[in-house]
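Okay, structure first, notes after.
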Amino acid sequence: MLQEAEKIYIIHGIQENIRSDGRANLDYRRIELETDVIANCNGSCLLKIADTKLLAGVKAELTTPQASSPDKGWIEVSIESTPHANLEFEGRGGDDFSSEVSNILTQVCNNEKLVNLKSLCVIPGQQAWVLYVDIMVLGYGGNFIDAASMATKAALFDTKIQSVSVKCDGENEPEIVVSDDPYDVFSLDVVQLPLLITLYRVGSEFIIDATGEEEACSICKLVLAISPKETVMVKQIGGSGSLHIESIKDGIDVGQEIGKSLQNQLFESLEREKTIPKKKKCLF
């Protein structure tokens, strides 16, 4: 719990574009990223921003397509926290917050204009791949939404799905054969998958990548879903305050520029990470 004097110190610094850790208002902290870290997952990612540490794993399963989308697969995101991270995370809303962020990420991941969900369909109306993204919160140090978004995209980028063939003799039901060749795989194209950018309103200024202490000084936050080409969602969540329409427009302009830059840096980092020997981290 921050003392009032500490809040005043943080808020005054932000109004002068000087944060307590030396960053400017629109600077991220160092982001540490490593993919392919869980052996029994189709894809995985370990992501760290200061004390916020997330482990994301992806499991691919064949199932019956949803009735509303018989020719598509889909993606589901869920979030849990470890006992070690639980106290700090519970202080930010815990299960309710996890559920809200999971729903936003699931909605963003299933935007068929940006993600080719049809590539996950094996037999229309009968069999399709569903990708379960499970995020474990190992540590909490602020800016969870952005971190969860980056971890989700990185883990899906790393995901390899076994190729399947369909045998049909015209008389019996089609038979699905999953390849047992570990190199006979395909990946979902997630280049256009949006990242979530959270703008925290502190005093009269927006900041990004807030620490836990800065979050305690924020009156509200504006979450933008930014693809490499466009803004696909704007949502105000949490906090006791509200934003004027002009402030929202200013926030969108700032968020778009930051989001596109982060998209480029993340993609370059993921491509570079492929060439780095395992057990070494990729920084950007």
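The values are calculated or read from the model by the stated rules, or taken from the named source; none is laboratory data. Remember, it's a predicted structure, so these values are computed and weren't measured experimentally. FYI the Cβ positions are ideal-geometry reconstructions off the backbone, even for glycines, and counts take in every protein chain you see. For accessibility, only protein heavy atoms count, side chains too; no ligands or nucleic acids. Shrake-Rupley method; radii C 1.70, N 1.55, O 1.52, S 1.80 Å.
Before moving on, here are some points about what is shown:
- Residues in the stretch 1-12 include at least one that is in a loop (DSSP other than H, G, I, E, B), more than 23 Å from the chain's Cα centre (by Cα) and within 30 Å of I79 (Cα to Cα).
- The stretch 81-97, residues that are of a type outside the set (A, V, I, L, M, F, W, C), at pLDDT 60 or above and either assigned to a strand (DSSP E or B) or surrounded by 13 or more Cβ atoms within 10 Å (Cβ to Cβ) (or both): S81, T82, H84, G94
- Considering only residues in the stretch 204-221 that are assigned to a loop (DSSP other than H, G, I, E, B) and among the aliphatic types (A, V, I, L, M), the one that is modelled with the highest pLDDT turns out to be A210.
- Against the conditions (1) at pLDDT below 95; (2) out of contact with any Cys (no Cβ under 9 Å at 6 or more places or on another chain); (3) not aliphatic (A, V, I, L, M), D36 satisfies every one except (2).
- Considering only residues in the stretch 175-186 that are surrounded by 11 or more Cβ atoms within 10 Å (Cβ to Cβ), under 30 Å from the mean Cα position of the chain (by Cα) and not charged (D, E, K, R), the one that is nearest to E230 (Cα to Cα) turns out to be F186.
- Options S44, S68, S78, S102: the member that is at pLDDT 90 or above and either part of a loop (DSSP other than H, G, I, E, B) or open to solvent by 60 Å² or more (accessible area, probe 1.4 Å) (or both): S68
- Any hit, the stretch 275-284, residues being open to solvent by 10 Å² or more (accessible area, probe 1.4 Å) and out of contact with any strand residue (DSSP E or B) (no Cβ under 9 Å at 6 or more places or on another chain): yes
- Restricted to the stretch 166-207, and to residues there that are in contact with a Cys (Cβ under 9 Å, 6 or more places away or on another chain) and without any contact (Cβ under 8 Å) to a residue 24 or more places away in the chain, the residue that is nearest to Y9 (Cα to Cα) is Y200.
- Hits in the stretch 132-174 - residues which are more than 14 Å from S98 (Cα to Cα), buried (at least 24 other Cβ atoms within 10 Å of the Cβ) and charged (D, E, K, R): K153, D158
- Scanning the stretch 187-239 for residues that are acidic (D, E) and open to solvent by 20 Å² or more (accessible area, probe 1.4 Å) yields D189, E205, E213, E215, E230.
- Long-range neighbours under 7 Å by Cβ, at least six apart or interchain, first residue more than 13 Å from V37 (Cβ to Cβ) within the stretch 134-157, second open to solvent by less than 10 Å² (accessible area, probe 1.4 Å) and of a type in the set (D, E): G142/E214; N143/D209; D146/D209
- Any pair with Cβ under 6 angstrom, 6 or more apart, that starts in the stretch 24-47 at a residue that is within 18 Å of Y200 (Cα to Cα) and ends at one that is open to solvent by 20 Å² or more (accessible area, probe 1.4 Å): A24/N17; N25/N17; N25/E205; R29/A50
- Single residue of A5, A56, A50 found to be open to solvent by less than 50 Å² (accessible area, probe 1.4 Å), over 27 Å from S119 (Cα atoms) and of a type in the set (G, A, S): A50
- Looking only at the stretch 13-23, and only at residues there that are without any contact (Cβ under 8 Å) to a residue 12 or more places away in the chain and surrounded by fewer than 16 Cβ atoms within 10 Å (Cβ to Cβ), the one that is farthest from the chain's Cα centre (by Cα): E16
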